[in-house]
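Let me begin by presenting the structure, written as structure tokens, before commenting on it.
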Amino acid sequence: MDLNNIISQLEANNEEEIKTLLKRYNQENSHTFTFDQEEENLHSELCQGLLTALGRQLQSCSQKACLETLRILSRDKRVLGPMATREGMLVLAKLAQLRMHDCEERGDNQNGFQEDTQTEAEERVAIEALKCLCNVVYNSAAAQQVGADVQLARGLCARLHAIRMGHHEVGLFTLRLLFLLSALRPDVRGGLRRELHAVRVLTEVLEHTLDVHWVGQYEAAPPEPQAPPIPAEDNERAMEALKALFNLTLPDPDDEEGDHQLRLIAAIMRHLLLLKTQTEEKTEEAHSHAVNLLSNLPVSCLDMLIDVPVQGGQEEYSGKNMDAVQVMFDFMEKRIDKGSNYKEGLTPVLSLFTDCCRHHREIRRYIKAQVLPPLKDVKIRPEVGNTVRNKLVRLMTHIDMDVKQSTAEFLFVLCKESVDNLLKYTGYGNAAGLLVARGLLAGGRGETQYSEDEDSDTEEYKSAKPFINPITGHVEELLPNPIEDMTEEQKEYEAQKLVNMIDKMSRQHLIRPMGLRRDGTIAPLDEAVFQPAEDSSGSDSD
């Protein structure tokens with residue numbers, strides 16, 4: 001299509017012809033995401049012409065056509081110059097019905113729009129403008145800076161505060177733009193938290209979207225067993241709100257959100273975990289966002305997951321309600337079974353469970369009963385099998401360091417940070433990486449105080465314990481002794497041969513013999529063997 005013709009019609013201000021040409025261009029390029037570099041200058045000129053036209057008084061249908069073209073062009077990072085300027089961003093923000101500090105209109109209301117009096121055509125224009133802003137902010141650092149300068153976030157918060165039953169896409173792309181700004185601009189993130197109280201605004205959006213009804217200060221009424229799943233549009237908006245809230249609740253030493261607000265978020269996350277969406281995939285996505293957000297909250301707020309007195313709880317766990325914990329446990333097992341993307345998909349829930357178990361005794365007891373039940377069959381290696389314990393032990397030797405450490409730390413906390421208990425369930429070989437990293441090869445436990453162990457060894461484990469190989473963690477079949485039929489001279493010869501081989505490899509730096517220090521860490525053998533006593537002055541030796 002001839003772009004020069006469109007540009008000339010824009011300059012001539014021929015509205016009907018502009019609308020016809022742009023509709024044709026938009027239909028032809030609706031699925032275009034790569035652009036000819038030779039037309040870069042024409043595209044940039046077209047962007048400028050469209051923004052100039054939008055600054056004039058056009059009919060809503062013509063505005064929509066111009067914005068659709070800008071949205072298509074905004075996919076190309078090379079032509080964002082005109083849109084990423086102060087003037088371009090303010091034109092788009094005005095059409096998106098956003099009121100910022102820099103807007104100069106005096107006749108608008110406080111929020112810069114009248115939600116109840118918007119026509120359908122005006123809503124479509126606002127949606128297209130929001131889509132353009134999302135693309136431009138995502139693709140242009142200059143646009144991100146301009147957005148911060150003109151206080152775009154202020155207009156978004158005002159819009160969210162006013163939206164209740166408005167158009168779905170208006171709320172969706174307002175939330176998405178807020179998410180992008182909070183993700184890409186840490187300075188904007190701080191202002192959103194401290195000045196605009198965006199955490200509270202987004203919490204209210206979630207309450208409204210998820211239809212939360214409070215029956216206690218931090219207790220939402222449970223969903224009915226036969227309740228329909230969350231409508232697809234509500235779920236979509238909730239996911240965008242959760243992503244923005246995740247950015248705004250990231251730990252910040254200069255900012256402390258009120259404990260009440262964070263406990264409210266934890267209670268809403270509990271409610272969300274018990275809801276279902278239209279598809280299993282969307283439900284898993286919702287659970288993933290809930291887990292990520294809970295990971296940002298202080299551990300003192302996580303008791304909201306189990307403190308639900310009205311609904312009752314389980315007597316063996318001090319009357320705590322474990323429904324939400326069970327949902328997260330099932331989510332964790334699904335992520336393990338997927339067998340891919342462990343770092344992003346699995347480590348957040350493992351880290352969350354580690355914190356929960358370290359600080360909340362009832363949660364640790366509940367999860368341990370499912371992951372590490374009392375041992376009975378010790379003839380099978382800990383990593384062999386399809387139980388959750390088997391799957392997690394396999395991950396203790398995963399190639400990804402984060403996955404390996406998160407899994408080992410989780411199991412270690414389930415064992416109350418006792419080396420002996422960890423080795424009992426995993427074997428020395430699987431646990432060696434964690435023990436080396438924490439300097440616990442000599443035994444011991446972490447500094448956290450735990451209650452007395454509540455489970456005891458089974459009779460099967462007690463009888464088999466003397467025969468368990470501590471390295472592999474299971475009872476091995478007895479193999480014939482290879483030196484049984486050797487003479488003393490042959491045994492001595494083989495021993496000397498082994499010493500010579502080790503010495504040769506050591507001199508060639510193929511291996512490096514290591515030893516154990518008194519503090520449980522490993523060191524080169526000569527350092528470990530000749531390490532001086534910690535307090536030789538008080539020794540009673542001659």
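The values are calculated or read from the model by the stated rules, or taken from the named source; none is laboratory data. All figures in this text were calculated on a predicted structure; none of them were measured in a lab. Don't worry about glycine lacking a Cβ; one is built from the backbone with ideal geometry, like all the others, and counts go over all protein chains shown. To get the accessible areas, we keep the full protein, side chains included, count just its heavy atoms, and leave off ligands, DNA and RNA. Shrake-Rupley method; radii C 1.70, N 1.55, O 1.52, S 1.80 Å.
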Seminar exercise, completed: Ranking LEU42, SER351, MET322 by how far each Cα lies towards the positive end of the charge dipole of the chain (+1 on Lys and Arg Cβ, -1 on Asp and Glu Cβ), the top one is LEU42
Problem set entry | Heavy atoms of PHE246 accessible to a 1.4 Å probe, total area in Å² rounded to 10 | 70 Å²
Seminar exercise, completed: With only helices counted (DSSP H, runs n ≥ 4, each -39500 (n - 2.57)), the per-residue ellipticity at 222 nm for the chain, to the nearest 500, works out to -17500 deg cm²/dmol
For this session: Find how much the distance from GLU344 to THR472 grows on full extension, using 0.36 nm per residue of separation minus their present alpha carbon separation; answer in nm with one decimal.
Result: 43.1 nm
Problem set entry | the chain - charge dipole about Cα centre, Lys and Arg +1 at Cβ, Asp and Glu -1, debye rounded to 20 | 500 debye
Exercise. Any idea how far apart PHE33 and ALA528 come out in nm if each label point goes 7 Å out from Cα toward Cβ?
Worked result: 5.3 nm
Exercise. Round to a whole number: what % of the accessible area of the chain belongs to carbon and sulfur, probe 1.4 Å?
Worked result: 49 percent
For this session: In nm, give the distance between the simple-model label positions of ASN4 and ALA227, each being 7 Å from the Cα along the Cα-to-Cβ direction.
Result: 6.3 nm
For this session: Return one number: the angle in degrees, 0 to 90 and rounded to the nearest 10, between the long axis of the Cα atoms of helix 60-73 and the longest principal axis of the Cα atoms of the chain.
Result: 40 degrees
Problem set entry | Rotationally averaged projected area of the stretch 137-178 (alpha carbon convex hull; nm²) | 2.9 nm²
Exercise. ARG518 accessible area, nearest 10 Å², 1.4 Å probe?
Worked result: 130 Å²
Exercise. In the stretch 1-68, what is the volume of the convex hull around the alpha carbon atoms, normalised per residue and reported in Å³?
Worked result: 79 Å³
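Express the accessible area of the chain per residue in Å², computed with a 1.4 Å probe while the remaining protein chains stay in the model.
On the way: 28220 Å² over 542 residues.
Ligands and nucleic acids excluded, the figure is 52 Å² per residue.
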For this session: For the pairs LYS23/LYS131; LYS379/LYS416; LYS379/LYS497; LYS343/LYS416; LYS379/LYS404; LYS243/LYS343, note any where the Cα-Cα span goes beyond 29 Å.
Result: LYS379/LYS497
For this session: Note the angle between two axes, namely the Cα long axis of helix 120-139 and the longest principal axis of the Cα atoms of the chain, as a number of degrees from 0 to 90, rounded to the nearest 10.
Result: 50 degrees
Exercise. Suppose every K and R has +1 on its Cβ and every D and E has -1 on its Cβ; what is the size of the dipole of the stretch 121-182 about the Cα centre, in Debye to the nearest 20?
Worked result: 140 debye
For this session: Please work out the Cα convex hull volume for the stretch 142-226 and give it in Å³ per residue.
Result: 122 Å³
For this session: Set Lys and Arg Cβ to +1 and Asp and Glu Cβ to -1, take the dipole of the chain about its Cα centre, and tell me which of LEU181, PRO251, MET505 lies farthest positive.
Result: LEU181
For this session: Starting from the residue with the highest accessible area, list ILE399, ILE72 in decreasing order, probe 1.4 Å.
Result: ILE399, ILE72
Exercise. Cα axis of helix 232-248 to longest principal axis of the chain: angle in degrees, 0 to 90, nearest 10?
Worked result: 70 degrees
For this session: Give the residue from ALA241, CYS66, GLY473 lying farthest towards the positive end of the charge dipole for the chain; charges sit on Cβ (+1 for Lys and Arg, -1 for Asp and Glu) and the dipole is referred to the Cα centre.
Result: CYS66
Problem set entry | SER300 accessible area, assembled protein chains, probe 1.4 Å, Å² | 60 Å²
